[in-house]
1. Work out the FRET efficiency for B:Arg155 and A:Arg68 from their Cβ-Cβ distance, taking R0 = 41 Å, and round it to the nearest 0.05.
2. Taking 7 Å along the Cα-to-C-beta vector as the label spot, tell me the A:Arg236-A:Val187 distance in nanometres, rounded to one decimal.
3. In debye, nearest 20: dipole of chain A around its Cα centre with unit charges on the Cβ of K, R (+) and D, E (-)?
4. List the lysines whose Cα sits under 22 Å from the Cα of A:Lys131, skipping any in the same chain fewer than 8 residues away.
5. With the crude spin-label approximation of a point 7 Å out along Cα→Cβ, what separation in nm comes out for B:Arg82 versus B:Trp3?
6. Length gain on complete extension for the stretch A:Arg86 to A:Glu198, per 0.36 nm per residue less the alpha carbon to alpha carbon distance?
7. Can you pull the accessible area of A:Leu67 for me, 1.4 Å probe, Å² to the nearest 10?
8. Given H placed 1.01 Å from N in the peptide plane, which residues other than close sequence neighbours of B:Leu18 have an amide H under 5 Å from its amide H?
Amino acid sequence: MNRFDYLRPSTVAEAVAAASVPGSAYLAAGTNLLDLMKGGVVRPERLVDVSRLPGLDGIEALPDGALRIGARVRNADLAHDRDFARRFPAVAEALLSGASAQLRNAATVGGNLLQRTRCAYFYDPASACNKREPGAGCDALEGENRLHAVLGWSERCIATHPSDFCVPLVALGAIVEIEGPAGRREVPLEEFHLLPGETPERESVLAPGELVVALRLPPGADAFAAHARYVKLRERTSYAFAVVSAAAMLRMEGGTIAEARLALGGVALKPWRAREAEAVLAGARPEAATFRRAAEAALEGARPSGENGFKIELARRIAARALALAAAGTPERIPALPASPMAPVSGGALHG
Amino acid sequence: MSWSITLTVNGEPRRVELDDPRVTLLDLLRERLDLTGSKKGCDRGQCGACTVLLDGRRVNSCLALAISHDGAEVVTIEGLARDGALHPVQAAFIEHDAFQCGYCTPGQIMSAVGLIGEGQAGDDPERVREGMSGNLCRCAAYKGITEAVLEAQRRMGQDGWEEAA
Ligand SMILES: Cc1cc2nc3c(=O)[nH]c(=O)nc-3n(C[C@H](O)[C@H](O)[C@H](O)COP(=O)(O)OP(=O)(O)OC[C@H]3O[C@@H](n4cnc5c(N)ncnc54)[C@H](O)[C@@H]3O)c2cc1C
Ligand code: SF4
Ligand code: FES
Ligand code: FES
């Protein structure tokens, strides 16, 4: 780990001023940042500790029906907040399917949004990586790339965004509240993370010094609570990142889907909202054939970026499964193994 | 530049002068306070051997920067036994043969104390296993670990054991 200066500002304004100096990085719980610093992957010259900033730790119902979550609310606290889990069960399930209890106890909302890719070549300073060193090349293109992106990638970078939390959030139209040197602004989460294009080193819309202060779920986002699930396929039962994942939410009226939301994780460098699939579902009856058509629409533009063509069909099946589980209804309590794709769909065939 | 931080470790206030801000909570405990019960397995958040209670919550001390936790309360495996009597989780680990080499054990026990305090798993072995999945055991003592956690939880409920944290 490189040496660094350590600052602990006491207001948001001070934090923004401190982090606007080039070479600075915000430190929240450090569960991703310290890991990367230990590996020499990132080498910030100063850490601006935001883990105690006042005003960033609340979960607040706004008068217009929106819900505002402060950037340093811990992942575990959000997932176990009764009111939150009741209104946004797929978000709670996604949070509880990520990392471990210890990590969730520490990790913050802001840090989860801004966690970096788990691409092994990004993590290895001896490998070429355009994200770490623009123009250096990408060793993943000809390397171990089974788990890399199938949507939205470029020849410059084929990495994925690893967050589970962000997947249902993007489906729900979450908004990111940002404070920066030029003042306050808001960006929809869907536009917050950037696809690699020609500049994979630019990962989000944040300008230097900009701080995520909160996340907002818009009014009406809780209309999906009765039919909302997250499904995450992992290479082991628990404590692993997603191979592919899907968040599915349905608002039912009578026997039909009035409105649907679908987003995929582990497939692209951002949480992937599948609006084409949502259009297929709107007005349809909740049937296996419809879910399959929606899943096909979601993966319409997918292409393998290496030895990962299997992820395309896997993502279709996980999306269809998440939709079937959502249609069956949100369980009373989050299952013992959150987001497991192995759990049977009640009343349906296992391989529908 | 140097920094002075104060932590309450196993109930005792400890003041530590840091000449370098890079010290993790795990290294501070092991190297500066000679509390070597917390183990360094991976040093990267992947094994749970370094688990301690930080302000009452189980966390990986290898991924916590000590200086960021100035003023915090820390409980390590050394702080569980009272007046020579083992904590119910420690006792249950012995009774249920919940270890072999023992390297992961301090982390497992601290994680179990955290899990019981969180009160989310109840008496469902599946929920206990999932709740303990942040602690790897290369000797694969998982069966005994799950039994020990369930047993300790039962006993703590009966005896009204109060958390050390
Ligand atoms: C072993 C392991 C397994 C994991 N498994 C999963 C998993 O299955 N699913 C999953 O989703 N995640 C997983 N994670 C990742 C984990 O969720 C993140 O490490 C965590 O969410 C980061 O939060 P933090 O508060 O520790 O952020 P930090 O590490 O402190 O910061 C992360 C990044 O965000 C920036 N940052 C932090 N807060 C702000 C802010 N408010 N504004 C602007 N920038 C900010 C920092 O500068 C840094 O670049 C895993 C991590 C580990 C170590
Ligand atoms: S895929 Fe992206 S992150 Fe991975 S090595 Fe290539 S450029 Fe770097
Ligand atoms: S040593 Fe901290 S998790 Fe492995
Ligand atoms: S007892 Fe040996 S690693 Fe768990």
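The values are calculated or read from the model by the stated rules, or taken from the named source; none is laboratory data. Source: prediction; values computed, not measured. Cβ placement follows ideal geometry from the backbone for every residue including glycine, while neighbour counts extend to all protein chains displayed. The area values use the complete protein model at the heavy-atom level, side chains included, leaving out ligands, DNA and RNA. Shrake-Rupley method; radii C 1.70, N 1.55, O 1.52, S 1.80 Å.
1. With a Förster radius of 41 Å, E is 0.45.
2. For the pair A:Arg236/A:Val187, the computed spacing is 3.5 nm.
3. On the way: 41 positive and 40 negative charges, 131 e Å.
About 640 debye.
4. The reachable lysines, counting only those whose Cα sits under 22 Å from A:Lys131, are A:Lys38, A:Lys270.
5. 3.4 nm
6. On the way: separation 112, 0.36 × 112 = 40.32 nm, distance 4.14 nm.
In short, 36.2 nm is gained.
7. 10 Å²
8. Those lying under 5 Å, H to H, from B:Leu18 are B:Trp3, B:Ser4, B:Ile5.
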